[in-house]
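A short write-up of the structure that comes next.
The values are calculated or read from the model by the stated rules, or taken from the named source; none is laboratory data. In this text the structure is predicted, and so the values were computed from the model without any measurement. Glycine gets a Cβ as well: all are built from the backbone with ideal geometry, and neighbour counts include every protein chain shown. Each accessible area value is taken on the protein alone, full model and side chains, heavy atoms only, with ligands, DNA and RNA left out. Shrake-Rupley method; radii C 1.70, N 1.55, O 1.52, S 1.80 Å.
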Amino acid sequence: MYGKQTETAIAALSRLAEVWDEGRTRLSAVEIADQRGLPRAMVAKILSALSQASLVNGSPGPGGGYALARAPHQIRLREPYDLFEREDTSNNCPFGGGVCGVGEPCAMHDRLRTMQGAIRKLLEDTTFEIFRVAVQEQGLQPVPKGTKPEVVRE
């Protein structure tokens with residue numbers, strides 16, 4: 001659905017949404033990377049791009065770090081997606097040679113169109129508020145990447 005940069009941006013923004021308290025709590029790039037199991041250098045680079053796009057505010061030095069630039073309910077998944085992804089607007093059929101809409105559609109045409117529409121709707125309709133609510137109101141705890149659940153045997 002999206003590339004590594006977008007995945008990292010969503011991971012970083014979701015972590016900042018989880019700790020959202022009007023921007024008072026700030027997390028460093030290292031904290032976000034370690035808490036999400038992501039490469040530190042990549043998270044730092046992504047946070048810099050998110051800062052330039054006014055999605056996060058960063059402050060250097062002791063007590064510094066990053067916070068969301070707006071409340072989580074005001075930031076849609078579409079924003080980091082648009083920052084790092086290029087939407088394919090071509091009409092070329094992904095299964096070979098033809099142009100969609102000319103002649104018979106390929107066997108996957110309708111399913112692909114439905115999936116693309118669902119992804120666009122998800123990106124547009126979903127805000128980072130879901131992450132804040134999950135942690136702050138529902139008590140869910142983020143699980144570090146690579147953690148495997150324990151198997152309980154009776």
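Dividing the helix sum by the residues of the chain, where each DSSP H run of 4 or more adds -39500 (n - 2.57), gives a mean residue ellipticity at 222 nm of -12500 deg cm²/dmol. Solvent exposure of the chain, expressed per residue, is 64 Å² of accessible area, with all protein chains present and a 1.4 angstrom probe. Cross-link reach is defined here as a Cα-Cα straight distance under 15 Å, omitting same-chain residues fewer than 8 places apart; for residue 121 the aspartates and glutamates meeting it are 79, 82, 87.
Taking the C-alpha atoms only, the angle from helix 40-52 to the longest principal axis of the chain is near 80 degrees.
Between helix 4-18 and the chain there is an angle of about 40 degrees, using the helix long axis and the longest principal axis of the Cα atoms. Each residue of the chain gets 170 Å³ once the volume of the Cα convex hull is shared out per residue. Peptide packing: for 68-75, 11-18, the average count of neighbouring Cβ atoms within 10 Å per residue gives the ranking 11-18, 68-75, highest mean first. Going by accessible surface with a 1.4 Å probe and the largest first, 81, 2 read 2, 81. Ligands, DNA and RNA aside, residue 45 has an accessible area near 130 Å² when probed at 1.4 Å.
Sequence-distant or interchain residues sharing an amide H contact under 5 Å with residue 56, placed H: which? Close amide H contacts, sequence-distant or interchain: 51, 69. For the chain, the longest principal axis of the Cα atoms and the long axis of helix 109-125 meet at an angle of about 30 degrees. For residue 28, nonlocal amide neighbours, meaning residues 5 or more places apart or on other chains whose placed amide H falls under 5 Å from its own, are 66. Rounded to the nearest 0.05, what FRET efficiency do residue 59 and residue 148 give with R0 = 30 Å and r taken as the Cβ-Cβ distance? Could you check? Result of the calculation: an efficiency of 0.25. Placing +1 on the Cβ of every Lys and Arg and -1 on the Cβ of every Asp and Glu, with no other charges, gives segment 4-74 a dipole of roughly 180 debye about its Cα centre. Among 51, 59, 28, the largest mean-square fluctuation in a Gaussian network model of the chain (Cα springs under 10 Å) belongs to 59.
Largest first, the residues 132, 120 sort by 1.4 Å accessible area into 120, 132. Across 108, 42, the residue with the most accessible area heads the list, and the full order at a 1.4 Å probe is 108, 42.
Rolled with a 1.4 Å probe across the full set of protein chains, the surface gives residue 82 an accessible area near 80 Å².
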